[in-house]
Structure formats: structure tokens, C-alpha cells
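Here is the structure we will look at, set down as C-alpha cells.
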Amino acid sequence: MKNKRRRSARSNAEAAYICDSCGEEIVIPIDLSAGESQQYVEDCPVCCRPNVIHVELAVDEDPRVWAERE
């Protein structure tokens, strides 16, 4: 039963990154089903410049997220 609680708590996972262009902190949802290492392009909602978002997931750890200019 503990594992189900842990999974449901992480299913609504969010993390934040700093936009490499404008310096704003951006909070994003994390798709835990997309694998342990993820990379995708997303426009900053503040400055509209594209960022390459990197997500690393590890068991029993918070997601690690960072961004680079595209």
C-alpha cells in the first residue's frame, strides 16, 4: 500500500527551471511515464524564447530539471 501512495504523490510531480534567456523561474509538470532521462524544447511563457528542457528522474529523489537556450 505504501508504494501506491508514493506513486500517486509523485504522479503530480512538478519542478522548476530558470530560463536561460530571461532568468525567470518556470514551474513545469513532470511526466513520470516518459522515462528517466527526458529532453524536449519548450518556449518560455515569459519571454517566448525556446529552451531545451532536460529532466532526470531517479527513484526516491526529486526530479532534476535544467534548461539551455535552443
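What follows draws every value from the coordinates through simple rules; no lab data is involved. If you're wondering where the values come from, they're calculated on a predicted model, not measured in any experiment. Reconstructed Cβ throughout: ideal geometry from the backbone, glycine too, with neighbour counts over all protein chains shown.
In debye, nearest 20, what is the charge dipole magnitude of segment 14-60 about its Cα centre with +1 on Lys and Arg Cβ and -1 on Asp and Glu Cβ, if you could check?
The dipole magnitude comes to about 180 debye.
Report Rg(Cα)/(2.2 N^0.38 Å) for segment 22-70, keeping two decimals.
On the way: Rg = 11.3 Å, N = 49, 2.2 N^0.38 = 9.7 Å.
Ratio of Cα Rg to 2.2 N^0.38 Å: 1.17.
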